[in-house]
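Undergrad: Let me begin by handing over the structure; questions about it come next.
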Number of protein chains: 2
Amino acid sequence: MRPAFLVLAAASLSATIVASSRAQEDAAPIFGITLPPGYREWKVISVAHEAGKLNDLRAILGNDIAYKAAREGQLPYPDGSIVARVAWSYEPLPESAEAFGQAQSFVAGKPTNVQFMVKDSTKYASTGGWGFAQFDNNKPAGEAVHNACFACHAIAKGRDLVFNRYAP
Amino acid sequence: MRPAFLVLAAASLSATIVASSRAQEDAAPIFGITLPPGYREWKVISVAHEAGKLNDLRAILGNDIAYKAAREGQLPYPDGSIVARVAWSYEPLPESAEAFGQAQSFVAGKPTNVQFMVKDSTKYASTGGWGFAQFDNNKPAGEAVHNACFACHAIAKGRDLVFNRYAP
């Protein structure tokens with residue numbers, strides 16, 4: 001082999017290793033889910049306010065499969081469904097507070113984190129058919145976070161683990 | 001003319017009058033806006049919680065023109081923009097209250113009403129380039145309601161009368 005080719009092959013091998021390690025870094029632990037492209041523009045299933053410590057405003061969005069299932073009240077959700085929970089800090093709208101003399105209009109501030117439920121009844125059979133993922137600033141959260149998802153969502157087992165219903 | 005034709009012509013005229021009067025009934029007073037088709041599936045500009053008397057959760061949606069302008073921070077909004085404000089009653093999620101021992105997760109309940117802002121800088125020049133409309137159960141609200149829109153939205157004149165910013 002000519003030296004130039006060897007260098008190229010080594011470079012290519014090294015690039016492959018980097019890409020593979022990056023893919024691993026981009027994927028949420030346990031469930032191996034990566035950030036679904038375009039999720040911010042998915043349709044609205046519902047909206048919510050989580051008070052208490054988190055104190056955020058959230059939109060629950062669905063890819064086309066999840067949105068249709070939610071709208072039609074189809075349970076369980078079919079394979080391929082992805083539900084996204086986007087959240088932002090809960091902030092008073094200053095103009096409203098001025099106009100009404102009290103804070104009564106609350107709006108979305110900075111993004112907090114994004115969570116996903118991905119339906120694959122075979123791959124995720126041990127967690128009710130759902131894989132779970134949380135991303136903070138586009139990076140997957142740690143393993144401890146992901147260990148807590150299924151246990152908490154089990155509260156909504158009568159609705160295939162999805163807390164929110166479609167808001168008509 | 002033959003009597004049969006006369007009857008047909010009369011029936012047709014009557015149908016036209018009914019259709020025209022129905023169109024009028026479907027349109028919001030003052031601004032003449034009808035319910036934009038498909039608005040429930042538009043993309044999310046932001047979400048909000050209006051506390052106080054209304055106490056609702058809301059999604060602020062945009063047609064493609066409004067969504068793009070909001071996302072890019074383009075002010076004023078271009079003609080053709082339509083911003084939709086969908087709202088639902090603010091309800092505690094029972095499963096969460098059970099799990100946490102207190103109501104801390106609030107979700108969308110029944111729909112309340114839907115409001116729209118339609119940008120047409122010529123047609124609506126006297127109200128900042130925006131036409132306003134509110135629909136309760138798909139029927140336009142009365143004139144008094146529509147008289148109040150512009151005065152209140154003027155609070156947000158620094159943002160082309162749109163209260164909400166794009167939530168990233």
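The values are calculated or read from the model by the stated rules, or taken from the named source; none is laboratory data. Since this is a predicted model, take the numbers as computed values, not measurements. Cβ placement follows ideal geometry from the backbone for every residue including glycine, while neighbour counts extend to all protein chains displayed. When the accessible area is computed, the model is the full protein with side chains, heavy atoms only, and any ligands, DNA or RNA have been set aside. Shrake-Rupley method; radii C 1.70, N 1.55, O 1.52, S 1.80 Å.
Undergrad: Somewhere in the stretch B:92-111, is a residue open to solvent by 10 Å² or more (accessible area, probe 1.4 Å), among the aliphatic types (A, V, I, L, M) and in contact with a Leu (Cβ under 6 Å, 6 or more places away or on another chain)?
TA: yes
Undergrad: Residue by residue through the stretch B:54-64, note down the ones that are at the interface with chain A (Cβ under 8 Å from one of its Cβ atoms) and open to solvent by less than 30 Å² (accessible area, probe 1.4 Å).
TA: B:LEU57, B:ALA59, B:LEU61
Undergrad: Has the stretch B:139-158 got any residue that is among the aliphatic types (A, V, I, L, M), open to solvent by less than 20 Å² (accessible area, probe 1.4 Å) and within 26 Å of A:ARG58 (Cβ to Cβ)?
TA: Step one: of the stretch B:139-158, the residues among the aliphatic types (A, V, I, L, M) are B:141, B:144-145, B:148, B:151, B:154-156.
So of that shortlist, the ones also open to solvent by less than 20 Å² (accessible area, probe 1.4 Å) come out as B:141, B:156.
The next check asks that each one be within 26 Å of A:ARG58 (Cβ to Cβ); those that pass are B:156.
Yes, because at least one residue in the stretch B:139-158 is among the aliphatic types (A, V, I, L, M), open to solvent by less than 20 Å² (accessible area, probe 1.4 Å) and within 26 Å of A:ARG58 (Cβ to Cβ).
For every residue, the table says whether it meets (1) modelled with pLDDT of 95 or more; (2) in contact with a His (Cβ under 9 Å, 6 or more places away or on another chain); (3) crowded, with 16+ Cβ neighbours inside 10 Å.
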residue	(1), (2), (3)
A:PRO3	no, no, no
A:ALA19	no, no, no
A:VAL47	yes, yes, yes
A:GLY52	no, no, no
A:ALA66	yes, no, yes
A:GLU72	yes, no, no
A:GLY80	yes, no, no
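Undergrad: For the stretch A:110-132, indicate whether the set of residues that are at the interface with chain B (Cβ under 10 Å from one of its Cβ atoms) and closer than 22 Å to B:VAL86 by Cα is non-empty.
TA: Residues of the stretch A:110-132 at the interface with chain B (Cβ under 10 Å from one of its Cβ atoms): A:110-111.
Filter again for closer than 22 Å to B:VAL86 by Cα, leaving A:110-111.
Checked the stretch A:110-132: at least one residue is at the interface with chain B (Cβ under 10 Å from one of its Cβ atoms) and closer than 22 Å to B:VAL86 by Cα.
Undergrad: So, in the stretch B:114-135, how many residues would count as being open to solvent by 60 Å² or more (accessible area, probe 1.4 Å) and of a type in the set (Asp, Glu)?
TA: 0
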